[in-house]
Amino acid sequence: MTAVLLDTHAWAWSLAGDDRLSKPAFTAITTADTVLVSPITFFEIAQKVRLGKWPEMEPHIGQLTALLGEQGGSVANLDPAICLAAGMMTWTQRDPFDRLLAATAAYYNLPLVSADTVFDGIVTRLW
């Protein structure tokens, strides 16, 4: 059984059929038995929409949970151990979204589908 965790942009790009989603990332998503999205992803999208940084996602805000379900994806549990690990990681990355995504991938021992090289050396990244 294969499972992957999606970074926020990877999930959004998969929803939109965006060309920026690499072929290996697309294959990983479409062939995985389990596709997970972190609850922090919903917060990140909502915050960026509220701040005007991601206007193209605004029409989808109220439908994100349903869209994930339609894709066959699930929401990863945000265990307190993940939050503690994210806070305690010896990693120079200060972005709390990235820290929580990395800690979630490590906690569940999953590869993270992400274009962001900041995760290299921290978790297994697929792109």
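FYI, it's all coordinate maths here, none of it is from the lab. Quantities reported herein were computed from a predicted structural model and do not represent experimental measurements. Please note: Cβ atoms are built from the backbone with ideal geometry, for glycine as well, and neighbour counts cover all protein chains shown.
Given R0 = 30 Å, the distance between the Cβ atoms of PHE43 and LYS23 translates into a calculated FRET efficiency of 0.55. When the Cα positions of ALA16, LEU100, PRO55 are compared along the charge dipole of the stretch 3-113, LEU100 comes out farthest toward the positive end, with charges on each C-beta of Lys, Arg, Asp and Glu. From the Cα gyration tensor of the stretch 22-85, with a ≥ b ≥ c the square roots of its eigenvalues, which class applies: rounded if a/c is under 1.5, or else prolate if a/b is larger than b/c, or else oblate? Taking the square roots of the gyration eigenvalues as a ≥ b ≥ c, the stretch 22-85 is oblate. Take every Cα pair under 8 Å whose residues are at least 6 apart in sequence, average their separation, divide by the length of the chain, and the relative contact order is 33 percent. Label zone (MET89, point 7 Å along Cα-to-C-beta; backbone nitrogen cut-off 15 Å) within the stretch 6-30: 6-9. Here the translational diffusion coefficient of the chain follows from Stokes-Einstein with Rh set to the Kirkwood radius across Cα pairs; for 4 °C and 1.567 mPa s it amounts to 88 µm²/s.
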